[in-house]
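A short reminder: the numbers here are calculations on the coordinates, not readings from a lab. Because the structure is a prediction, the values reported are computed rather than measured. Note that we place each Cβ from the backbone using ideal geometry, even for glycine, and neighbour counts take in every protein chain shown.
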Amino acid sequence: MAIKVIIERKIKGGKEEELGQLLRQLRAKALLAPGYISGQTLRSIEDPRLYLVISTWKSLDDWRRWEEDPERNELQKKVNELLEEPAKFRVFYFV
């Protein structure tokens, strides 16, 4: 069953360019991950430090494998250093 993963990140001021580069690297690697279907990165109009990533995966197992991927985790650690608060991860399924 396909799922959507919603990731909400609030970054520290002045880190937009650095975050953009890391998110592009993550997306490039995700494109090669088994089960990855698509993804979008959005930035809030009301709060430009708030980013939302929405990705679609063929299954929860595919997402979990990607979530545990060592290369992904190295990039995620770098992203975490730019955040004002911990990222919020939510997983949804289609009804």
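Which of the pairs 4/78; 4/29; 12/58; 15/58 have their Cα atoms more than 25 Å apart in this structure?
On the way: 4/78 23 Å; 4/29 18 Å; 12/58 33 Å; 15/58 32 Å.
Going by Cα-Cα distance, 12/58; 15/58 fall outside the 25 Å limit.
The long axis of helix 16-30 is offset from the longest Cα principal axis of the chain by roughly 10 degrees. The packing ranking of peptides 61-68, 73-80, 4-11, highest mean first, is 4-11, 61-68, 73-80, where packing means the average number of other beta carbon atoms within 10 angstrom of each residue. Once C-alpha pairs closer than 8 Å and six or more residues apart are averaged by separation and normalised to the residue number of segment 3-93, the relative contact order reads 49 percent.
Viscosity 0.692 mPa s, temperature 37 °C: give me the Stokes-Einstein translational D for segment 9-95 in µm²/s, with Rh taken as the Kirkwood radius over C-alpha pairs.
Details: Rh = 13.6 Å.
Translational D for this selection: 241 µm²/s.
For the chain, the longest principal axis of the Cα atoms and the long axis of helix 70-81 meet at an angle of about 30 degrees.
Going 7 Å from the Cα of residue 2 along its beta-carbon direction, which residues of segment 45-71 have the amide nitrogen within less than 20 Å of the resulting point? So the set is 53-67. Database remark: amide H of residue 12 closer than 5 angstrom to the amide H of 83, 84 (H placed geometrically; neighbours at sequence offset of 5 or more, or on other chains; Pro and chain starts carry no H).
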